[in-house]
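K.L.:
One structure, as structure tokens, below. Some questions next.
The values are calculated or read from the model by the stated rules, or taken from the named source; none is laboratory data. Keep in mind the model is a prediction, meaning the values are calculated, not measured. When we count neighbours, we look across all protein chains shown, and the Cβ atoms used for this are built from the backbone with ideal geometry, even at glycine. Quick note on the areas: whole protein, heavy atoms, side chains included, nothing else; ligands and nucleic acids left out. Shrake-Rupley method; radii C 1.70, N 1.55, O 1.52, S 1.80 Å.
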Amino acid sequence: MSTSHKQVYSQLRQLIETPSVSSTDSRWDQGNRAVIDLLASWLNDLGFEVEIQAVTANGDKANLIATLGKGPGGLVLAGHTDTVPFDEGRWKSNPLTLSERDNRLYGLGSTDMKGFFPLAIAAASAFSADSLKQPLIVLATADEESSMNGARQLAAAGRPKARAAIIGEPTSLVPVRMHKGIMMEAVRVTGQAGHSSDPALGNSALEGMHAVMGDLIAYRKELGVRYHHEFFNIAVPTLNLGCIHGGDSPNRICGKTELHFDLRMTPGEDNATVRAEIEQRMHVLAQQHHLEIDLRSLITPIEPFEQAADSELVKLAETLTGHSAEAVAFATEAPFLQQLGMETIVMGPGSIDRAHQPDEYLELEQIQPCIALLQQCIRHYCL
């Protein structure tokens, strides 16, 4: 094993052993500051100027902006430091310990996306500040898996600035120039509880929710007719009914229930318009069923993302990888970096198919090609 690969393993082991779950559920939610401090230490040792930007008031969640070299332009290598929650009982090994087997590195965040940082650092280690004509920036963010508040704060602050940005989400090193947006919404139906022996004593929130779910499924079909984008494998918007909670006893008329769903729109469409339509539909149902029906956002929506096919960064990535740029259904921080004026793509090691599930892993065969690819991109934008 080469020295650089030993360093990759060591750094990835430390990152995985440092929990940084982010979640809309406060029972799971953690800070990421310990991960940020690790990255800051390693990058500082390489000569980067390191800035830690607090995302929460107490600083337990933070972004990292590490810069090598000076001047305008340059390249950003970006990633998020948080992971999703996990079910330890469904893993074959400890999710917070790096395990190697079958030519794979297993651990929570190994592919989504802590694994990108040691590879970006290994690529950067081949360069010095004096050798760069334009800066190389390593960007690490908080809360991508929940609120994207880290990326939102960067966009609001107007930095970092560069010519181009590569977000190292798992794409099997295939460039991605387009993805859907995402809204996460909650519908709460409030009725009147009562004794189940006499339906007239109450107004069932569960029966009202049955109407809500049917209406959302019908609306999903309408969206599929109205909006169609052939560049995506799933060419239409998706609406997923994710979880539902309500009622407390089979012999009581349900007084309250809540449904959570997500909706992913294709580029060129407007999240706000679609949400307003849903809100109007809920208002009609509330009147029809004499119920209170409230729609509230679980997160601030993320807009769809598209980088022009003829942009310099897309053409470079296609040339270097030999793959045409693709579209994906999952959302990333790309819209926020694009707001900062950078050409942006998503391209990193590992497969999104391994993310958000037990026994997440990064293929060993992706390590050296990723390092080499990032070094080629650094040469193009920074030398």
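K.L.:
With the condition kept exactly as written, say whether any residue in region 182-194 is within 24 Å of the chain's Cα centre (by Cα), open to solvent by 20 Å² or more (accessible area, probe 1.4 Å), among the hydrophobic types (A, V, I, L, M, F, W, C) and at pLDDT below 95.
P.N.:
Within region 182-194, one or more residues are within 24 Å of the chain's Cα centre (by Cα), open to solvent by 20 Å² or more (accessible area, probe 1.4 Å), among the hydrophobic types (A, V, I, L, M, F, W, C) and at pLDDT below 95.
K.L.:
Name, by its number, the condition in (1) open to solvent by 30 Å² or more (accessible area, probe 1.4 Å); (2) over 11 Å from the mean Cα position of the chain (by Cα) that does not hold for Leu136.
P.N.:
Failing condition for Leu136: (1).
K.L.:
Within region 88-120, can you find the residues that are in a helix (DSSP H, G or I) and surrounded by fewer than 24 Cβ atoms within 10 Å (Cβ to Cβ)?
P.N.:
Glu88, Gly89, Arg90
K.L.:
State whether the residues of region 359-373 include one that is crowded, with 19+ Cβ neighbours inside 10 Å and under 30 Å from Leu259 (Cβ atoms).
P.N.:
Among the residues of region 359-373, at least one is crowded, with 19+ Cβ neighbours inside 10 Å and under 30 Å from Leu259 (Cβ atoms), which makes the answer yes.
K.L.:
Then there is this: Return the residue satisfying two criteria in turn: it lies in region 320-344 and is part of a helix (DSSP H, G or I) and either within 15 Å of Ala157 (Cβ to Cβ) or at pLDDT below 95 (or both), and of such residues it is most open to solvent (accessible area, probe 1.4 Å).
P.N.:
So, considering only residues that are part of a helix (DSSP H, G or I) and either within 15 Å of Ala157 (Cβ to Cβ) or at pLDDT below 95 (or both), the one most open to solvent (accessible area, probe 1.4 Å) is Gln339.
K.L.:
Suppose we filter Arg354, Arg379 for residues that are open to solvent by 20 Å² or more (accessible area, probe 1.4 Å) and free of Cβ contacts under 8 Å to residues at least 12 places away in the same chain; which single one remains?
P.N.:
Only one candidate qualifies: Arg379.
Each row is one residue, and each column tells you yes or no for (1) open to solvent by less than 20 Å² (accessible area, probe 1.4 Å); (2) within 30 Å of Gly255 (Cβ to Cβ); (3) of a type outside the set (Val, Ile, Thr).
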{"site": "Met282", "(1), (2), (3)": "yes, yes, yes"}
{"site": "Leu285", "(1), (2), (3)": "yes, yes, yes"}
{"site": "Asp294", "(1), (2), (3)": "no, yes, yes"}
{"site": "Ser297", "(1), (2), (3)": "no, yes, yes"}
{"site": "Glu306", "(1), (2), (3)": "no, no, yes"}
{"site": "Ala317", "(1), (2), (3)": "yes, no, yes"}
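K.L.:
Check whether at least one residue in region 6-17 is in contact with an Asp or Glu (Cβ under 7 Å, 6 or more places away or on another chain), over 24 Å from Cys382 (Cβ atoms), at pLDDT 95 or above and in a loop (DSSP other than H, G, I, E, B), and report yes or no.
P.N.:
Within region 6-17 (the criterion being in contact with an Asp or Glu (Cβ under 7 Å, 6 or more places away or on another chain), over 24 Å from Cys382 (Cβ atoms), at pLDDT 95 or above and in a loop (DSSP other than H, G, I, E, B)), the answer is no, since none of the residues qualifies.
K.L.:
Take Leu316 and decide whether it is touching a residue at least 40 places away in the same chain (Cβ under 8 Å), outside any loop (DSSP other than H, G, I, E, B) and more than 17 Å from Ile217 (Cα to Cα).
P.N.:
yes
K.L.:
On to the next question. Going through region 143-168 one residue at a time, which ones are open to solvent by less than 20 Å² (accessible area, probe 1.4 Å), closer than 14 Å to Leu337 by Cα and under 12 Å from the mean Cα position of the chain (by Cα)?
P.N.:
The answer is Glu144, Met148, Gly150, Ala151, Ile167, Gly168.
Here is a yes/no grid of residues against (1) over 26 Å from Tyr381 (Cβ atoms); (2) in contact with a helix residue (DSSP H, G or I) (Cβ under 6 Å, 6 or more places away or on another chain); (3) of a type in the set (A, V, I, L, M):
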site	(1), (2), (3)
Glu230	yes, no, no
Leu239	yes, yes, yes
Asn251	yes, no, no
Phe261	yes, no, no
Met282	yes, no, yes
His289	yes, yes, no
Asp294	yes, no, no
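K.L.:
A further question follows. If the requirement is being of a type in the set (S, T, N, Q), out of contact with any strand residue (DSSP E or B) (no Cβ under 6 Å at 6 or more places or on another chain) and at pLDDT 95 or above, which of these qualifies: Asn251, Asn233, Asn203, Asn240?
P.N.:
Asn251
K.L.:
With region 195-307 as the region, which strands (runs of 3 or more DSSP E) entirely inside it contain at least 1 residues that are free of Cβ contacts under 8 Å to residues at least 60 places away in the same chain?
P.N.:
238-246
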